[in-house]
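Here is the structure we will look at.
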Amino acid sequence: MTQGQLSPGQAPPLSQPVEIELPVLGMTCANCALTVERAVRRVHGVAEVTVNLATERAQIHYDPAQASVAQIVAAVRKAGYDVPTASAEEDSTSGDAEQAARAAEIADRRWRLILGLALGTPTFVLSMSRDLGLLAVLLGPNFAPMVGMAGHTMSEQAALNWVLFALALPVQVFTGYPYYLHGYRALRNGTANMDVLVALGSTAAFAWSVAVLLGMVSGHVYFETSAVILALISLGKYLEARARGHASQAVRRLMRLTPKTACVVREGREQELPIAQVGIGDVLIARPGEQIAADGVVIAGHASVDESPITGESLPKEKRPGDRVMAGTLNKDGVLRYEAVRVGRETLIAQIARLVAQAQSSRAPIQALADRVSGMFVPIVMGIAALTFIGWLVLGGSFERAMVNTVAVLVVACPCALGLATPMAMMVGMGRGAEQGVLFKHSSALEQLAHLRVAIFDKTGTLTHGQPAVTALVPLEGHSAEHVLQFAALAEQPSEHPLARAVLAAAHERGLVVSPPVSFRALPGQGALTVVNTSEGQRRVAVGNAALMREQGIPISEAAQQAALRLHVAGQTTAFVALEGRVIGLIGFADRPKPGAQEAIASLRRHGIRSVMLTGDNARAAQALAAQVGLDEVIAEVLPTDKAEHVRRIQAQVKAKDPRACVAMVGDGINDAPALAQADVGIAIGNGTDIALEAADVVLTRGDPRDLIRACALAQATLRGVRQNLFWAFFYNALLIPIAALGLFQSYGPVLAAGAMAFSSLFVVGNSLRLRRQRL
């Protein structure tokens, strides 16, 4: 046996599982989604499959060594549904082939609906007018003999029946075709769906009417019933399909931000190329009014760039050489040359769109009940319909009456509302979140966040800017605060130390002129010694900690020591500023809280949510920040490896009182990743590290702590919408199926049932779309 061959019975080596997302067309109810899941799951090598009815997408995990995309697509098509050509090969967030297929499907629905309404409406009007004795008024005196059920000949009655037949037949064939096709495919796969119910109901009414027309039985014709059933349900499905398109606009709007072409500099010439031909390392040009085509770094030029589509920041950002730019943002003025570092599906905006699409396709835990009911729903309804038919015959009702009530039961039942109740609200809610800078990676995170009870925050970069800033100036020896800052800035001008950068930023804010020093010597861990030019000549300046002062023999006065102690107690880092061997003042540094931190913590408290800060920083600095922003609890000086354990302990305390309670962790650094993964919901700040972003369940792209409040409000509103949808779907079916079975709809039962069924689905869709206007 040659090397690399498998011995008999030996299993093939396991390859890395692959996840794909495919659009699935032709699904009409929850049973369709379950049918697709079962069909794909039977493909050898498929580990997991989730089909979302609202988004009409399937998420599939499979082993590429055992299964292929072609096999999965074939399984979907064999089950009676379709996958648009080329959708498996293109980016799931771009989906040109998918969009074209969906547009074609909606157009097909529209033409079938137009014919159904155009012929179904006169069929209904003619039939009802005859039954109500208004036909002469409607058609004129020449048709007077047909008015009412008496006083006209059989030939005249039959003539009108043939007219009704001629109007209803195209509706039955053309408008009803999709229901027959999908119903047949469902039965062929050993299941039953909404299409089976509609096809059975409309066919029963049509077949009875044909039998009456041909003289095989005597009774009333119900051509208007079969036609209106198909027309009304088709109207509901068409409006539902359009509404789904509106609900999933968030992803399409994101992807439309990226231009189709880009100006690329190659071989010294500017070329306009399709975005697909732009590669990493290419130099691109963005002129005023043009969108940035790739994530990159500015190498030349200066411009204001509107980043609001991604970050939500209303003010444009100034971009200079060395600054990063993001695909999809808009160059407001100036010309930028930038080098592409991430292109295509690797850009931040493409990743965001992908996250939103995947989250919308995921299944929330609250959907489990609806799925279980939907799996049994159609067989149960068919059983109730059979009992209705038999019961009316046994109780002495006519065959015609039994048939009418049975059709009403088949048509009024609405598994669509059950199937759409959860995914529709989740899809709209997560799309709304994406527009507001809150990205949910999966729907279970949104559901859990609605039960938030404890929010745990990292300190640096989450509640604070993550960079030191000058927070205190203490002048001594008769000097002014501005004087102290001026000398410190002159001394620190060449330094790249974070504290030096903070001094220079403070000087710049105050409009102080800073020139390079005559000489500069950095002493690691202590500070800097410099000679600076002043109007009085060259002066010696020392800036640093107490160790530097002692080493240079610079005395620290009692007043300076007291000032240093006060700054230390306040959690600030202290630097002494000495001029010609005498301390003239102190500078306090701290990582300032973000503008929205205090407001976010106050809002959490108002909603009964406890706030905790978990940080590796020293206790004094942590307590100082906690006092500023109003945190409930501080856990400081925690090692990165212990953060997850602290989260676990808090979870145990909270869940002992309420098992549904959610503990969220908000962080941005590599050291936060284990804690983010441990929390019920891990929330990453958008300017954080890639590892933190991957470990999190939710991403706040704007880096604003107040977005946590928006995320909670959205989660609660979405879950409320889900519960309203589920209540309506269960209430509707529980109420109207017995009414239809008991014949309380009278002879117009099937028509009223079809209208009620269409309204049920539209109610769920409309109620979900209200989330698009949710104030956050």
Is it the case that region 465-473 has a residue that's without any contact (Cβ under 8 Å) to a residue 24 or more places away in the chain and over 30 Å from Leu771 (Cβ atoms)?
no
Residue hits (region 379-406; open to solvent by 60 Å² or more (accessible area, probe 1.4 Å), part of a helix (DSSP H, G or I) and not β-branched (Val, Ile, Thr)) are Pro379, Met382, Leu387, Trp392, Leu393, Phe399, Arg401
Here the residues within region 604-625 that are within 15 Å of Val454 (Cβ to Cβ) and not charged (D, E, K, R) are Leu604, His607, Gly608, Ile609, Ser611, Val612, Met613, Leu614
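Quick one: is Thr123 under 26 Å from Leu181 (Cβ atoms), at pLDDT below 90 and of a type outside the set (Lys, Arg)?
Numbers: under 26 Å from Leu181 (Cβ atoms): yes; at pLDDT below 90: yes; of a type outside the set (Lys, Arg): yes.
So Thr123 passes the test.
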Of (1) part of a loop (DSSP other than H, G, I, E, B); (2) modelled with pLDDT of 90 or more, Gly571 satisfies every one except (2)
When (1) under 24 Å from Met427 (Cβ atoms); (2) charged (D, E, K, R); (3) modelled with pLDDT under 80 are applied to Arg110, the one that fails is (3)
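Tell me yes or no: at least one residue of region 687-710 is open to solvent by 50 Å² or more (accessible area, probe 1.4 Å), modelled with pLDDT under 85, closer than 29 Å to Leu567 by Cα and not in a helix (DSSP H, G or I). Reasoning before the result, please.
First pass over region 687-710, keeping only residues open to solvent by 50 Å² or more (accessible area, probe 1.4 Å): 687, 690-691, 694, 702, 706, 710.
This time we only want the ones that are modelled with pLDDT under 85, so: 687, 690-691, 694, 702.
Going one step further and asking which of them are closer than 29 Å to Leu567 by Cα, we end up with none.
No, region 687-710 contains no residue that is open to solvent by 50 Å² or more (accessible area, probe 1.4 Å), modelled with pLDDT under 85, closer than 29 Å to Leu567 by Cα and not in a helix (DSSP H, G or I).
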Scanning region 474-507 for residues that are in contact (Cβ under 8 Å) with a residue 60 or more places away in the chain, open to solvent by 40 Å² or more (accessible area, probe 1.4 Å) and not in a strand (DSSP E or B) gives Glu477, His479, His483, Leu499
Checked pairs for region 37-66, first among the hydrophobic types (A, V, I, L, M, F, W, C) and modelled with pLDDT under 85, second surrounded by 21 or more Cβ atoms within 10 Å (Cβ to Cβ) and assigned to a loop (DSSP other than H, G, I, E, B), C-beta under 6 Å and 6 or more apart or across chains, list as Leu53/Met27
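Would you check if Leu512 is within 15 Å of Val577 (Cα to Cα) and either surrounded by fewer than 19 Cβ atoms within 10 Å (Cβ to Cβ) or modelled with pLDDT under 90 (or both)?
On the way: within 15 Å of Val577 (Cα to Cα): no; either surrounded by fewer than 19 Cβ atoms within 10 Å (Cβ to Cβ) or modelled with pLDDT under 90 (or both): yes.
Here the answer is no, as Leu512 does not meet what is asked.
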Leu676 fails exactly one of (1) under 30 Å from Met382 (Cα atoms); (2) under 26 Å from the mean Cα position of the chain (by Cα); (3) at pLDDT below 85; (4) open to solvent by less than 10 Å² (accessible area, probe 1.4 Å), namely (1)
Would you confirm whether any residue within region 1-9 is more than 27 Å from Met424 (Cα to Cα), under 25 Å from the mean Cα position of the chain (by Cα) and modelled with pLDDT under 85? no
Scanning region 448-473 residue by residue, those among the hydroxyl-bearing types (Ser, Thr, Tyr) and open to solvent by 30 Å² or more (accessible area, probe 1.4 Å) turn out to be Thr460, Thr471
Considering region 258-298, residues that are in a loop (DSSP other than H, G, I, E, B) and either among the β-branched types (Val, Ile, Thr) or touching a Cys at 6+ places or on another chain (Cβ under 6 Å) (or both), and then whichever is most open to solvent (accessible area, probe 1.4 Å), we arrive at Ile280
Here the residues within region 532-558 that are open to solvent by less than 40 Å² (accessible area, probe 1.4 Å) and part of a helix (DSSP H, G or I) are Ala546, Ala547, Leu548, Met549
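A quick yes/no check of all residues on (1) within 30 Å of Asp680 (Cα to Cα); (2) open to solvent by 10 Å² or more (accessible area, probe 1.4 Å); (3) at pLDDT below 75:
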site	(1), (2), (3)
Leu714	yes, no, no
Phe731	no, yes, no
Leu735	no, yes, no
Ile739	no, yes, no
Gln746	no, yes, yes
Gly755	no, yes, yes
All-but-one check, Thr422 against (1) part of a helix (DSSP H, G or I); (2) of a type in the set (Ser, Thr, Tyr); (3) more than 30 Å from Pro738 (Cβ to Cβ), failing number (3)
Over region 55-80, the set of residues in a loop (DSSP other than H, G, I, E, B), closer than 18 Å to His182 by Cα and among the small types (Gly, Ala, Ser) is Ala79, Gly80
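When you scan region 575-595, do you find a residue that is assigned to a helix (DSSP H, G or I) and either touching a residue at least 24 places away in the same chain (Cβ under 8 Å) or open to solvent by 20 Å² or more (accessible area, probe 1.4 Å) (or both), even just one?
So the first thing to find is which residues in region 575-595 are assigned to a helix (DSSP H, G or I), and the list is none.
For region 575-595, residues assigned to a helix (DSSP H, G or I) and either touching a residue at least 24 places away in the same chain (Cβ under 8 Å) or open to solvent by 20 Å² or more (accessible area, probe 1.4 Å) (or both): absent.
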Across region 694-740, the tally of residues that are within 30 Å of Met194 (Cα to Cα) and among the hydroxyl-bearing types (Ser, Thr, Tyr) stands at 2
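Condition check ((1) more than 26 Å from Arg592 (Cβ to Cβ); (2) without any contact (Cβ under 8 Å) to a residue 24 or more places away in the chain) across all residues:
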| position | (1), (2) |
| --- | --- |
| Ile609 | no, no |
| Leu625 | no, no |
| Leu631 | no, no |
| Ala636 | no, yes |
| Asp642 | yes, yes |
| Arg648 | yes, no |
| Val654 | yes, no |
| Met665 | no, no |
| Ala675 | no, no |
Exactly one of Val163, Val228, Val196, Val147 is open to solvent by 20 Å² or more (accessible area, probe 1.4 Å) and either of a type outside the set (Val, Ile, Thr) or modelled with pLDDT of 75 or more (or both), and that one is Val163
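Can you tell me which residues in region 621-644 are surrounded by fewer than 14 Cβ atoms within 10 Å (Cβ to Cβ) and outside any loop (DSSP other than H, G, I, E, B)? Walk me through it before giving the result.
Step one: of region 621-644, the residues surrounded by fewer than 14 Cβ atoms within 10 Å (Cβ to Cβ) are 627, 633, 637, 639, 641.
Scanning region 621-644 gives Ala627, Glu633, Thr641.
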Exercise for the section: Output yes when any residue across region 606-619 is part of a helix (DSSP H, G or I), at pLDDT 85 or above, open to solvent by 10 Å² or more (accessible area, probe 1.4 Å) and of a type outside the set (Asp, Glu), and no when none is. Expected result: yes
Selection from region 458-481 of residues among the hydroxyl-bearing types (Ser, Thr, Tyr) and more than 28 Å from Ala559 (Cα to Cα) yields Thr460, Thr462, Thr464
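The values are calculated or read from the model by the stated rules, or taken from the named source; none is laboratory data. This one's a predicted model, so the numbers in the text were calculated from it and none came from an experiment. Quick reminder, even Gly has a Cβ in these numbers, built from the backbone with ideal geometry, and neighbours come from all protein chains shown. What goes into the accessible areas is simple: the full protein's heavy atoms, side chains included, and nothing from ligands, DNA or RNA. Shrake-Rupley method; radii C 1.70, N 1.55, O 1.52, S 1.80 Å.
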